[in-house]
Amino acid sequence: MDQEKAILVTGGAGFIGSHVVRLLVNKYPHYRIINLDALTYAGNLANLKDVEGKPNYAFEKANICDEDSVNKIFSDYHIEAVIHLAAESHVDRSISNPTGFFMTNIIGTVNLLNAARSHWDENFTGKCFYHISTDEVYGSLGSEGMFTEHTPYDPRSPYSSSKASSDHIVRSYFHTYQLPVKLSNCSNNYGANQFPEKLIPLLINNIRKELPLPIYGEGLNVRDWLWVEDHARAIDVVFHEGKFGETYNIGGVNEWKNIDLVHLLCDLMDEKLGREKGTARKLITFVKDRAGHDMRYAIDASKIESELDWKPSVQFEQGLSSTIDWYLSNQDWIDDVTSGDYKNYYSNQYRNR
Ligand code: NAD
Ligand code: TYD
C-alpha cells in the first residue's frame, strides 16, 4: 500500500478507536495516523500513552460537527482515507438525551463525507471512507435467526436509529457521488479501556467496590460478544481488502444471555480477588428494564470469514479473564474515569430503577 498514506481515524481516543489506532500505528510505520477526537467523557488520551510519541501518529482535538475544523484537518494533513469511529455510543444515554446522538452520529458523519468529497480528486483514486457501525441497526431478534448483511434495518433506540441513519447516508454517497465507501456492522465489543457505563466494565468496577450489580429486567437479553482486538483486526482487514460499496458484518459467534455472563464474571472475579465463591453473585440486583430493550443480537459473520479470511481469535472465557486482569491492574484508569461526572451519570441512570 502507498507510502506515507495519511489516514484520519475519528474517535481514536475512545474504546475501539484506541485499539484501532494502536494497531495501525504499530503495524504500518509508513502510514501517518491522525486521530481526530473531541475528547468527550468517553475519549481518553491515557488509552494511547504507548503510541503518543511515535513519529507516524498525530492527535487533533476537534468535533466532527464543526465543519471548519474537519476541513482544516483534511487540508493540513492531506487526508487520503478515513476510518470513522467517532460517535455517541451508549444506548442508555441515548434514551435520556437523544439529541446529541443525532448531532454527532448523523451530522458529524455528513460533515466528514462532505469534507472527503470536497478535498479528494473527482476520480477518488487511492481514497477510502470506511464507516464503522453496529449490529443494533438491524433491530431485535427472537430466539431464532441471525443478522446478515441483507437483514432489513429496524433500529429501535435513538442510538441505533442514529447509526442506521448514518449508514444509509454513507451508502447514498457511494451511489450518488461514487465516493469510495466501505461499512462494517459489529456486535458488542469487550476488552481493555471500555468506559464503565457498558455492562462488562461497569460490573467489574462494581464487584471490585462491592456495589450492587444492576441487571435490567430478568437478565434474559442476549448479546454476541467480541474481543475488541479482534474487531480492530477485522477493521484492518476490511480497510485494506474490503470491496467498495460493500458492508461486512463482524461478530464473535459468542452469544450470552446477560445473566449467564454475569454469573461467569462474578465467579471469575471472586477467584481473582481471593473472595469466597458466591460473594459477587450476592450483589446481583434486578432493576427496572431499559426502555425498548432489544431482546437478542446475533451476527452471521460468514461473509467476512469467507471473503476476507477473518475470524475471531480469542475465546470468551480467556478474553473475559484478561479483561478483568486489565481493569484490576489499571485501577488508576478506572478511578480516574469514574471520578467527577461519572458519579452524576451513575446516580441519575440507576436512581429510580
Ligand atoms: P466510545 O464511546 O468508547 O468512543 C467514542 C469516541 O468518539 C470517544 O473518544 C469520543 O471522545 C469521540 N467522540 C464522540 N463524539 C465526538 C464528536 N462529536 N467529535 C469527535 N469525536 C467524538 O465508543 P466505542 O465503543 O469505541 O465505539 C466506536 C464506534 O464503534 C462507534 O461508532 C460505535 O457506534 C461503533 N460500535 C461500537 C460497539 C461496541 O460494542 N462498543 C459495537 C459495534 C460498533
Ligand atoms: P451495553 O453494554 O449497554 O451494550 P448494548 O446495550 O449496546 O448491547 O449492555 C449490554 C446488555 O447488558 C444489554 O442487554 C443491557 C444490559 N445491561 C444491564 O443489564 N445492566 C446495565 O447496567 C447495563 C449498562 C447493561
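Just so you know, all these numbers are worked out from the coordinates, no wet-lab data involved. Source: prediction; values computed, not measured. Cβ atoms come from the backbone with ideal geometry, glycine included; neighbour counts cover every protein chain shown.
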Exercise. List the lysines whose alpha-carbon lies under 17 Å from that of LYS49, not counting same-chain residues fewer than 8 positions away?
Worked result: LYS27, LYS61
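State the extension gain, in nm to one decimal, for the chain segment bounded by GLN331 and TYR77, taking 0.36 nm per residue of separation less the distance between their alpha-carbons. Walk me through the intermediate numbers first.
Details: separation 254, 0.36 × 254 = 91.44 nm, distance 3.61 nm.
My answer for the length gained is 87.8 nm.
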Problem set entry | Ratio of the Cα radius of gyration of the chain to 2.2 N^0.38 Å, where N counts its residues | 0.97
For this session: Would you work out which of VAL287, PRO158, GLY242 lies farthest towards the positive end of the dipole of the chain, given +1 charges on the beta-carbon of Lys and Arg and -1 on that of Asp and Glu, about the Cα centre?
Result: VAL287
Exercise. How high is the relative contact order of the range 128-239, in percent, counting Cα pairs under 8 Å that sit 6 or more residues apart?
Worked result: 30 percent
Exercise. If you wrap the range 43-85's Cα atoms in a convex hull and average its projection over all directions, what's the area in nm²?
Worked result: 3.7 nm²
Exercise. Just the Cα atoms of the range 225-315, one point each, no solvent: what log10 I(q)/I(0) does Debye give at q = 0.12 Å⁻¹?
Worked result: -0.57
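Can you flag which of LYS54/LYS198; LYS257/LYS288; LYS272/LYS303 are past 28 Å Cα-Cα? If you can, show how the numbers build up before the last one.
Numbers: LYS54/LYS198 30 Å; LYS257/LYS288 17 Å; LYS272/LYS303 38 Å.
Beyond 28 Å: LYS54/LYS198; LYS272/LYS303.
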Problem set entry | Set of aspartates and glutamates with alpha-carbon distance to LYS209 below 13 Å, sequence-local pairs under 8 removed | ASP270, ASP335
Problem set entry | Angle between the chain longest axis and helix 228-241 axis [Cα atoms, degrees, rounded to 10] | 20 degrees
Problem set entry | Relative contact order [Cα under 8 Å, 6+ residues apart], the range 1-116, whole percent | 30 percent
For this session: Sort out for me the Cα centre separation of the range 75-121 from the range 169-208, rounded to whole Å.
Result: 13 Å
For this session: Quick one: dipole size for the chain, taken about the Cα centre, charges +1 on Lys/Arg Cβ and -1 on Asp/Glu Cβ, in debye to the nearest 20.
Result: 680 debye
Seminar exercise, completed: Here the relative contact order (percent) of the chain, from C-alpha pairs under 8 Å and at least 6 apart, is 17 percent
